[in-house]
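Comments concern the structure below.
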Amino acid sequence: MRRLMKTIHIKKGYLPRLAGVPADTLKPLPPPGRVAACPARIPFIKPRLRVKKGDHVQVGTLLYEDKQDSRFQFLSPGGGRVEDIRLGPRRRVEAIVIALSPDEKRVAFPELSKLQLETISRPDLVERLCTGGIWPLIRALPFRDIADPDTVPPAIFISMDNQEPFQVPADIYLKGNEDLFEFGLHVLKRLSDKIYIAGAKSGRAGQPDAGRWANLTYTGKYPAGDPGVLLYHLKNTPDENNSWFITGQDVLMVARLLKNGRYPTRRVIAVGGSAAGDACHVQTRLGAPIAHLMDPVPDATTTRYVAGGVFHGHTVTPDDFIGLYETALTVLPEGNEKEFLALFNPGWRKPTYSRIYLSALNPADLPANCNRHGDERACIACMHCADVCPVDILPQLAYKAILAGEVEEALAHGLLDCVECGICTCVCPSKIELTETLKTARAAYRKEQRCG
Ligand code: SF4
Ligand code: SF4
């Protein structure tokens, strides 16, 4: 039977050629000494701790749940002793650190066969995903919060890959796991009648080994593969705005929990960036320490570590841990050194969007650093941000409306369609924090909606 295939052409976006792309290899790492769960990295939840320092836990023991919906449960990625509970500003729980014991024990969850999957009721299936700590991997548009287990989504998008530099390609995490992925797909099909399995048309998810499942392909630059971008170009009715999404790697997590009856802890992380040294993909544990992912660990005084994506991730230290939603670590030079005769440097190796450097003619991958070369300035109405926005927002106008407190106007400019991709900020010559401002406004709007 022929599979229905749809292709979407995303015209806007931006993908600079950056040095430090991870090699096509998967390097298994030795087990770390400790792992952690990081509640502060899960947006919109209010964590209620279920363990205290010194407790002994197994892989799969409940560590914390969301106070607003206790079905959102977060389980221990390791077996051992709760070594530390790190608190941040206003006593926000940053990390629950587990020192792993050599004989880790695991909580046993009920196993589900392929046959049982066909007959299990939807509420029972949802319950298993919730108590197995996997439900938070399924998120809902437009806010990207954890999906509401009581609703049936109009569609679920599975992101097989992503046009973002330094992310794990589908063929790397899928290799040898094809049957598991197939099982995970069957699970998701029980949650929605419409499943979009999305991969880049010319990308590696389009290759025979990884692309056999894709029923939605796309062309275009970053963030073309983002589920929010695909939905924006696909939707016919406003109801579809509440579609759900999950990454291809997380589909494997769903399958491992249900098929094997164990909380899955395997994670593939892309370690890239011009200061990464050995840029490659590593196979490690969920919640592994950042320092464990790099060998050697670059000097923290001259290097920045970004977890979760080079355009929209957040800064971490070698002492931190990789979060539940993060599958990339980008390592970049701070770039604070004084440049000799900088004024006369034509910028042959400096990434540029506005073509002010000679590098616009350089076909090589360029070594980006974190130097912003100056502070925020006034908007010069260059329209670069609008030129790259994949969901046709005019970011500078949405930004100004937010600063003026004009929420309705920001919504009219497409605030809810924003996918928080970060490229408007990246290309802005005035260094205006467009993405962060829109993200904060979106979160405030969501809160207002939920609180009535
Ligand atoms: S406005 Fe949102 S979607 Fe558009 S480029 Fe900026 S962050 Fe991306
Ligand atoms: S890119 Fe920056 S300077 Fe240019 S229009 Fe947008 S906000 Fe203004």
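A short reminder: the numbers here are calculations on the coordinates, not readings from a lab. Just so we're clear, the structure is a prediction, and the values are computed from it rather than from any experiment. Here the Cβ positions follow ideal geometry from the backbone for every residue, glycine too, while neighbour counts run over all protein chains shown.
Structure summary
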item: Residue-count net charge about Tyr263 - beta-carbon cut-off 10 Å; Lys, Arg +1, Asp, Glu -1; result: +3
item: Prolate/oblate/rounded call for the range 93-151, Cα gyration tensor, a/c under 1.5 rounded; result: oblate
item: Positive-end residue, the chain charge dipole about Cα centroid, Cβ charges, pick of Val254, Phe44, Gly20; result: Val254
item: Centre separation in Å (Cα based) which lies between the range 413-439 and the range 246-312; result: 25
item: Two-decimal Rg/Rh across the chain, once Rg and the Kirkwood Rh are taken from alpha-carbon atoms; result: 0.95
item: Prolate/oblate/rounded label for the range 211-295 (Cα gyration tensor, a/c 1.5); result: oblate
item: Environment charge at Val51 (Cβ cut-off 12 Å; Lys +1, Arg +1, Asp -1, Glu -1); result: +1
item: Rounded if a/c under 1.5, otherwise prolate or oblate - the range 68-191, Cα gyration tensor axes; result: rounded
item: Net lengthening on full extension, Arg90/Met383 (0.36 nm per residue, minus Cα-Cα); result: 101.6 nm
item: Debye log10 I(q)/I(0) at q = 0.23, 0.26 Å⁻¹ for the range 375-450, Cα point scatterers; result: -1.02, -1.28
item: 5 angstrom amide H check on Lys27, placed H, neighbours 5+ away; result: His281, Val282, Gln283
item: Long-range amide H partners of Leu75 with built H, under 5 Å; result: Leu63
item: Cα centre as origin, Lys/Arg/Asp/Glu Cβ charges: the range 375-450 dipole, Debye; result: 200
item: Alpha carbon centroid spacing (whole Å) that separates the range 1-73 from the range 102-134; result: 19
item: For the range 1-150, convex hull of alpha carbons as volume per residue, Å³; result: 241
item: Amide H within-cut-off set for Val35, under 5 Å, with H built and near neighbours excluded; result: Ile98, Leu100
item: Leading residue at positive end of dipole, the range 375-450 (Cβ point charges), from Cys428, Ala381, Ile402; result: Ile402
item: Positive dipole terminus of the chain, leading residue within Gly54, Val306, Ile85 (C-beta point charges); result: Gly54
item: Charge dipole (debye, nearest 20) of the chain; +1 at Cβ of Lys and Arg, -1 at Cβ of Asp and Glu; result: 420
item: Magnitude of the charge dipole, the range 160-316, Cβ model with Lys/Arg +1 and Asp/Glu -1, debye to 20; result: 300
